[in-house]
Amino acid sequence: MKTFKFIFLLIGVSLMGCSDLEEKPIGILAPDGFFQTTKDIQTAVEGAKTHAINEKFWGRKLSIALMLRSDMVNLQSDQTRRVEHDMLTTLTDNGMISEFWLKTYQGIAAANLAIEGAAQVDVADDLKNPIVAQAYFIRAFYYFHLVRQFGAIPYLDANVTDAEAGGSIGRTPAAEVYANIIKDLEFAKTWLPPTQPSAGIPSKAAASSYLSLVYLTMAGTSDKAMFQKAYDEAVEVITTSEYGLDLDSNFQNLFNANVIDGSPEPIFALDYNNVEASDNAYDQVAPMTGIRGDDRNSGGGWSVAVPTEAVYASFDQADYRTRVSFEEEANIGGTFVTYENFTISGHVHARNTPYIAKYTRYPGPFARGSGRATSHNYSMIRFAEVLLIAAEAGVEIGQTGPALSYLNRVRTRARLGGAYKTGADVEMTFAPSAVPADLTSITVADVLEERRIELAFEGKRWYDIARRRLGDAGNGDVFGAGGYEGAKPDFDENDYLMPLPGDELDRNPNLQPNNPGYN
């Protein structure tokens, strides 16, 4: 008979002192002797990935927070925790932060469990490590989100089995967290196969792609050595034919749950395909960004995160990506309307402006009312982004010729056009176009603008703003009066980081002080 031990996880309310032990025990049951085969390791790895597809992580809380904190989405809600993200007035008791903080550390703990358990499996490294490497990748993935959001954080590479020890853990400097992320990704790159049956399974290409993005992030605005590393890693991904990566010929396919599995572009994805909804293990991005009262998806969306008119106007109408990214028409209560009349639904949240279309048109077979619990594969990184990483880093290190070529590859794909579904639920074909034309020269600003258009509403823009300090007056002033959302008067440089959850700091004084501006 298997015996069990209770492993305390350093997550959410479980960052506790001994006095909290009996009141709030949070953890997982880990069977002694469970890890006997590589299949057992894989089971644990799948558990680690599952936390990312929860509503509290990419299914709503984190993905929507990243949209709201950017300069691309207006909030059509008066819920306090959402207003705080949208206006960058986030407080330490913000419920969205505490929920994705908790869920992220649950994923880390599950990855740690897989890594620790693998040590009990007595098989050759060449059989075991390609599976263990998935856990290293997933751990790096979670920590990369955390360090960009919070800076110095508690870093755990093993699960905490002693409550007293768990209550005394402090914050690890961001530079050390990044070093550990790189170490994990390098292990993953060494042992993972070049490709996997699904983009939802980490591959060598995914590890290398994430290394390029990590280096780009660490470079900030001026670190040439890090830009060189980002460039080298991205170019390796681009030029390694064994990875089988390419741009999808139809931009719409990237947001079509029915065909995304066959696309050559996603490199690592959070895979909601064939995942039946249960216990919040589903996404709500489609309804959060959908049109209130729309007849599609059994009742339309909730009109929460909606682009402003200025955001829509900043896209070229002759660029196919505009048609794919924005919804300009809908059937509301059986009446066909264009975006100037979206308030026909009568709801206070409805807004007469184009909405986000990427998640509402093709939600897949598991979509429920309002498009909840879709079958989407959410690309966490895709080939187009790697091309743009190489372009940005290339400009910074003087490789402007290759950088220009990489950026223009992305624009070339956009000119191909393709089939897409309109708000009236009619399949349309957008003919090949001369827009966007190839650039003949390139600057960092050009690349950042291409990222804004190509990766719009995919959870990338806020991280670009933070790493490039685009909120500063001298770097873009995206939160000033001339920004796409208008002025966010409470923004200052402290807002590039979020506050650690206040209840965590209350339970464990070693996590004090909070990030600047939040004490």
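Rule-based calculations on the coordinates, nothing more; no lab input. Model, not experiment: these values are computed from the prediction. Every residue, glycine among them, receives a Cβ derived from its backbone with ideal geometry; neighbour counts consider all protein chains shown.
Annotations
- At R0 = 45 Å, FRET efficiency that the Cβ-Cβ distance of E309 and I169 yields, to 0.05: 0.45
- Here's how it looks for M380: its modeled amide H is under 5 Å from those of F268, A269, L270, which are all 5 or more places away or on a different chain.
- Counting neighbouring beta carbons within 10 Å and listing from fewest to most, the residues Y215, Y136 come out as Y215, Y136.
- For region 193-457, the convex hull drawn through the C-alpha positions has a volume of 129 cubic angstrom per residue.
- Pair S433, E176: separation of 7 Å Cα→Cβ label points (nm): 5.1 nm
- Pairs from K183/K229; K103/K128; K358/K460 whose Cα-Cα separation, in the structure shown, is over 18 Å: K103/K128
- Per-pair calculated FRET efficiency, R0 = 22 Å: L416 and S441 via Cβ, rounded to 0.05: 0.40
- A Cβ-based charge dipole, computed about the Cα centre of region 127-271 with Lys and Arg at +1 and Asp and Glu at -1, lands at about 260 debye.
- Of the three principal axes defined by the Cα atoms of region 225-315, the extents in descending order read 48, 37, 28 Å.
- For N54, residues with placed amide H under 5 Å, excluding near neighbours: G59
- Helix 38-50 axis, angle to the chain major axis (alpha carbon atoms, nearest 10°): 50 degrees
- As a rough footprinting exposure proxy, the listed residues L213, L407 were ranked by other beta carbons within 10 Å of their own, and the order from fewest upward is L213, L407.
- Simple point charges give the picture: +1 on the Cβ of Lys and Arg, -1 on the Cβ of Asp and Glu, and for the chain a dipole about the Cα centre of about 500 debye.
- 0 to 90° range, to nearest 10: angle between helix 383-396 axis and the chain longest Cα axis: 90 degrees
- With a Förster radius of 22 Å applied to the beta-carbon distance between T37 and T161, the computed FRET efficiency rounds to 0.40.
- Positive-end ranking of S433, G333, Y362 along the dipole of region 193-457, with charges on Cβ about the Cα centre, is headed by G333.
- Helix 444-454 axis, angle to the chain major axis (alpha carbon atoms, nearest 10°): 90 degrees
- Rh (Kirkwood; distinct C-alpha pairs) - region 314-402, Å: 16.2 Å
- Nitroxide proxy distance, nm - points 7 Å out along Cα→Cβ at R469 and K183: 2.9 nm
- Length gained when the stretch T240-D122 is fully extended (0.36 nm per residue, less Cα-Cα span): 39.2 nm
- Taking the Kirkwood radius as Rh and the Cα radius of gyration as Rg, region 393-519 has a ratio of Rg/Rh equal to 1.11.
- Once divided by 2.2 N^0.38 Å, the Cα radius of gyration of the chain becomes 0.95.
- Remark: the S249-D490 segment gains 82.5 nm on full extension, using 0.36 nm per residue and subtracting the alpha carbon distance.
- Calculated log₁₀ intensity ratio I(q)/I(0) where the Debye formula runs over C-alpha points of region 263-358, q = 0.13, 0.19, 0.23 Å⁻¹: -0.52, -0.96, -1.15
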